Amino acid sequence: MVHAASIGLSARDLYLFNQGELFHSYRTMGAHPIRLGDETGVRFAVWAPEARSVHVVGSFNDWNGAGHAMEKVGETGVWSLFVPGIGSGALYKYEIQTPAGGRLLKADPYAFQSERRPLTASVVADMTSFRWTDEKWKRRQQEASPYHERMLIYEVHLGSWRVKGKEDFLTYEEMADELLDYVVGMGYTHVELLPLTEHPLDQSWGYQVTGYYSATSRYGTPEQLMLFVNRCHERGIGVILDWVPGHFCKDDHGLRLFDGTPIYEGTDPKRAEKPLWGTLAFDFGRTEVQSFLISNAIFWMDVYHIDGLRVDAVASMIDLHFDKPPELLTFNEHGGTENTDAIRFLKRLNETVFRYYPDALMIAEDSSAYPAVTAPTYMGGLGFNFKWNMGWMNDMLRYMALDPRDRGRYHHLITFSLMYAFSENFVLPLSHDEVVHGKRSLLNKMSGSYEQRFAQLRLFYGYWMTHPGKKLLFMGGEWGQYDEWKDAESLDWMLLDYEAHRRMNHFVQTLNAAYANDAALWERDCDPAGFEWVDVHNAAQSIIVFLRRGLAPDQFSIIVCNFSLQHYRDYRVGVPEAGRYALVLSSDGEEFGGGTPNWRRSVEAEETPWHGRPCSVEVDIPPLTFQLFHYEGLAPVRKKGRSNRKVLLSK
């Protein structure tokens, strides 16, 4: 056995780790197969500053660490050891003697692989053998701006998208075929995966973590996950990972009281406890915890080529009183309720990620009204580049549940979001959180009869797709999953045998294609110049009309939404230009389950001012429908009382 400095632990790296500035700490900490002189083996390194002693136990020593004592490296709190003759696949844990003399068996916080639950040992893994072939994707991402690109995210829980049998999951490699074929065929641009970090309880969906550097073994090996990501990139699909830096679970083999003392969760139990979830918050002010968490964000992008992170529960991180009972309330150094350590951590996290990966997606799942979440840190913001728009989602789901005859009094619910739509760079989420725990599926949130629920869901999706902001839809929503999400079972794929659900799926696929083909719907998502109200105050008829603009001056589309039960024929809509307007999509198309058999048509503008605009068109609007008109340019123009003539439209 060889110790400490002789096995490649740099004094500078350990110093930076202690300072909170070792942003690739996974290259130093954990278990690494290496060659030392003429011997191959594994170098172990773990942070346990208050431990009396640390031993490595595992499959290679019959779980008896007497001969594998680790050496403490100076005052760094790091313990290290080289064990010759072992390699990838070896199982191990750290046997830690606490300051009080107790004995703990802990999984490696930096383990790259873990045993499949319910077993809890760490597994030595070589993370360097996979050969990536996604250079073309990476070059394209470096040249693109996410603010001006399509972003249509399909949110997936790999354990229930499709399964082979009870707890018989598809592997990452199988998902690279089945899931990816489906995602590409439906027209999505990204997949967002519920947390893949190792977790003990299936029902936590990965949000209560024990292995932050370990992709869960439920679905296969690290190399299989790399294959999945690589194949996504080869087929033009980005990969976003749900990431949970706010809290961790209390399981004995995890981070809680890791060396017998609260080194990850902090010494103040009022700050550490998350009673709503039964978890513990990280101590964001501790520098070694900062090295651990920021390095973890970098790790997923570096080692797994993940394109971005959806950062979970930001509101709970930055608010000391978030879901805390009175006996657990604390205040910051200024007497306020903001967690200043967490805020500084998030800023540093985003600065560091964008330093190494300028094209990354850092998306805040934040339900608070904290300002400037997506503003750069040098402007006082948190530094994310996108934020979930929870306000829009809550208002719209509340509105869609209303009886259409009562909607006139609540018209503000569908228009208020434009008061703040450009205050942040938003993603409009229709996520897993909205279809579980008795909240009902999206289809079952709609009001009315069976047929009306499908009509309303198509209308709702149309408004969602054309409203400013990037888009996210949880799996199953695309065909109108009838029951709420059941995390222990497969999605109800058999519903596609029923005409109503099959037609809903066809509508969503067509809507996705219309979105892809119309840059006006996404080029200016984060720019107020990309949106104009045409008819916003028509509460009496529950109709809204608005316009989306692309970057080209003559590139725009008109959206008409009728949230009422009334059929309005010859409804006049003001338009900014003379010419022809093609109906690109109507949610009332018979092929989608509506009542209009031949919905594809064009309308020509008249030189009749309306809605404060120089021209107008007359459109037929069936009840509970969404319609998307695209401006086509040069066309005959009808002037009332005069013969038609050709005009050359301004460019």
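Nothing in this text is a laboratory measurement; each read-out follows from the coordinates by a stated rule. Please read these numbers as outputs of a predicted model, since none were measured by experiment. Positions of Cβ are generated from backbone atoms using ideal geometry, with glycine treated the same way; all protein chains shown enter the neighbour counts.
Contact order, relative form, for region 529-646: 28 percent (alpha carbon pairs under 8 Å, 6 or more residues apart, mean separation divided by residue count). Calculated [222 nm] ellipticity per residue, helices only, for the chain: -6500 deg cm²/dmol; basis is -39500 (n - 2.57) per DSSP H run with n ≥ 4, divided by all residues, nearest 500. Panel note: the C-alpha atoms of region 264-407, placed on their principal axes, show extents of 58, 43, 30 Å (largest first). Our analysis of region 271-318 gives Rg over Rh at 1.03, with the two radii drawn from alpha carbon positions and Rh computed by the Kirkwood formula.
Charge tally around PHE563: other residues with Cβ under 15 Å, Lys/Arg +1 each, Asp/Glu -1 each, net +2. The DSSP beta bridges internal to the chain are antiparallel in roughly 70% of cases.
Going by how many other Cβ atoms sit within 10 Å of their own, how do TYR94, TYR631, TYR498 line up, fewest first?
TYR498, TYR631, TYR94
With the simple spin-label model, which puts each label point 7 Å out from Cα in the Cβ direction, the TRP63 to VAL436 separation comes to 3.1 nm.
The fraction of Cα-Cα pairs per 5 angstrom bin, counted from 0 for region 4-123, comes to 2, 11, 22, 25, 21, 13, 5, 1, 0 percent, rounded to whole percents.
Between 0 and 90 degrees, the angle of helix 222-234 with respect to the longest Cα principal axis of the chain falls at about 30 degrees. Phi angles of region 34-44 translate, via the Karplus equation with coefficients 6.51, -1.76, 1.60 and θ = phi - 60°, into HN-Hα couplings of 9, 10, 10, x, 8, 10, 9, x, 10, 9, 10 Hz per residue; Gly and Pro are given as x. Ordering TRP205, TRP47 by the number of other Cβ atoms within 10 Å of each residue's own Cβ, fewest first, gives TRP205, TRP47. Between ARG398 and THR261, the C-beta separation translates, for a Förster distance of 35 Å, into a calculated FRET efficiency of about 0.15.
So how do TRP533, TRP161 line up by other beta-carbon neighbours within 10 Å, fewest first?
Result, fewest neighbours first: TRP533, TRP161.
When the listed pairs LYS270/LYS347; LYS347/LYS470; LYS166/LYS270; LYS347/LYS439 are checked against a 28 Å cut-off, the alpha-carbon distance exceeds it for LYS166/LYS270; LYS347/LYS439.
Under 8 Å for C-alpha pairs, at least 6 residues apart: give me the relative contact order for region 149-518, rounded to a whole percent.
Values: 635 pairs, mean separation 58.9, N = 370.
Once divided by the residue count of region 149-518, the mean separation gives 16 percent.
Measuring spread by the Cα atoms of the chain yields a radius of gyration and Dmax of 27.7, 100 Å. State the Cα centre-to-centre distance between region 459-525 and region 557-597 in whole Å. If we compute the Cα centre of each part, the gap is 19 Å.
The value of relative contact order for the chain, using C-alpha pairs under 8 Å at least six residues apart, is 10 percent.
With the convex hull drawn over the C-alpha atoms of region 386-431, the volume per residue is 56 Å³.
Size of region 529-646 from its Cα atoms: along the principal axes, largest to smallest, the extents are 37, 30, 29 Å.
Of the DSSP beta bridges with both residues in region 210-351, give the percent that are antiparallel, rounding to the nearest 5.
Antiparallel bridges make up about 55 percent of those DSSP assigns within region 210-351.
For TYR568, the amide hydrogen comes within under 5 Å of the amide hydrogens of ILE621, counting only partners 5 or more places away or on other chains and with H modelled in the peptide plane. Quick check: Cα centre of region 198-274 to Cα centre of region 5-68, how many Å? The two parts, judged by their Cα centres, are 21 Å apart. To the nearest ten degrees, helix 340-356 and the longest principal axis of the Cα atoms of the chain are 80 degrees apart.
The orientation-averaged projection of the convex hull spanning the C-alpha atoms of region 394-548 amounts to 9.5 square nanometres.
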